[in-house]
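One structure coming up, written as structure tokens, with questions to follow.
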Amino acid sequence: MTMEKRAAVEVRAEGRKLTGYAAVFGQEARIADFSETIAAGAFQRSLTGGADILALADHDPKRVLARTKSGTLRLSEDDKGLRFELDVPDTTVGRDILALAQRGDLGGMSFGFTVDPDGEEWNGDKRTLHNVKLHEVSVVQSFPAYDGTSVSARSRRTAQDRRIALLELEHVAI
């Protein structure tokens, strides 16, 4: 199962914390040959399952900003979406991210996930995510491709897209 990534644009600096939404419910995003919506409650199992979810810079596992296990990342669902609050570390990456956030130069937030077997519903070319396994949320320094929720990896892939995705995963694993 390939991990997918999505992006959202809302992130704010509040002192040495970043807050905002890593995902927004009910917004339709057009992804190549299909559209996708995240249903309210899609992250609930992940949030109550006790998994250690990371906060990263640009999906890079070598650039950890916070994690749920240590309490430096707090995640919750509300009526709007997947809300996050993270304590920015006093590291080079943390200081850079905080400086960009304070200037309003961050692109937004993103999240990496896999879809549980019962987690999606297809109706023609429309996909609704009902239950996903959240692996990480990421601060995105560049701009997201779409307002609200967007896609940087897709489920329906051409053979070329699958090869690119495998190369990206191998790069992340290195």
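The values are calculated or read from the model by the stated rules, or taken from the named source; none is laboratory data. None of the values given here were measured: they were computed from a predicted structure. Every residue, glycine as well, gets a Cβ built from its backbone with ideal geometry; the counts of neighbours run over all protein chains shown.
Is there a residue being in a helix (DSSP H, G or I) and either modelled with pLDDT under 80 or of a type outside the set (Val, Ile, Thr) (or both) anywhere in region 142-160?
Of region 142-160, the ones in a helix (DSSP H, G or I) are 159-160.
Next cut, either modelled with pLDDT under 80 or of a type outside the set (Val, Ile, Thr) (or both) only: 159-160.
Looking through region 142-160, at least one residue is in a helix (DSSP H, G or I) and either modelled with pLDDT under 80 or of a type outside the set (Val, Ile, Thr) (or both).
Across region 62-82, what is the total count of residues that are modelled with pLDDT of 95 or more, surrounded by 13 or more Cβ atoms within 10 Å (Cβ to Cβ) and in a strand (DSSP E or B)?
Result for region 62-82: 9.
Okay, next question. If you go through region 97-124, how many residues are assigned to a loop (DSSP other than H, G, I, E, B) and in contact (Cβ under 8 Å) with a residue 60 or more places away in the chain? Spell out the reasoning first.
Of region 97-124, the ones assigned to a loop (DSSP other than H, G, I, E, B) are 104-107, 116-119, 124.
Subsequent filtering for residues that are in contact (Cβ under 8 Å) with a residue 60 or more places away in the chain retains 106-107, 116, 119.
Counting residues in region 97-124 that are assigned to a loop (DSSP other than H, G, I, E, B) and in contact (Cβ under 8 Å) with a residue 60 or more places away in the chain gives 4.
Go through region 26-61 and give me each residue that's more than 30 Å from residue 99 (Cα to Cα), among the hydrophobic types (A, V, I, L, M, F, W, C) and surrounded by 14 or more Cβ atoms within 10 Å (Cβ to Cβ).
Filtering region 26-61 for residues more than 30 Å from residue 99 (Cα to Cα) gives 26, 28, 30-42, 44-46, 48-50.
After this cut, where a residue has to be among the hydrophobic types (A, V, I, L, M, F, W, C) as well, the list is 31-32, 34, 38-40, 42.
Within region 26-61, 31, 34, 38, 39, 40, 42 meet the criteria.
How do the pairs read when you match residues in region 83-96 that are within 7 Å of residue 65 (Cβ to Cβ) and buried (at least 17 other Cβ atoms within 10 Å of the Cβ) with residues anywhere that are modelled with pLDDT of 90 or more and among the β-branched types (Val, Ile, Thr), using Cβ under 6 Å and keeping only pairs 6 or more apart or on different chains?
These pairs meet every condition: 94/88.
Looking only at region 1-51, count every residue that is part of a loop (DSSP other than H, G, I, E, B) and either modelled with pLDDT under 95 or out of contact with any Ser or Thr (no Cβ under 6 Å at 6 or more places or on another chain) (or both) and tell me the total.
Step one: list which residues in region 1-51 are part of a loop (DSSP other than H, G, I, E, B), which gives 1-3, 9-10, 15-16, 25-28, 32-33, 39-43, 49-51.
Those left that are additionally either modelled with pLDDT under 95 or out of contact with any Ser or Thr (no Cβ under 6 Å at 6 or more places or on another chain) (or both): 1-3, 9-10, 15-16, 25-28, 32-33, 40-43, 49-51.
Number satisfying all stated conditions: 20.
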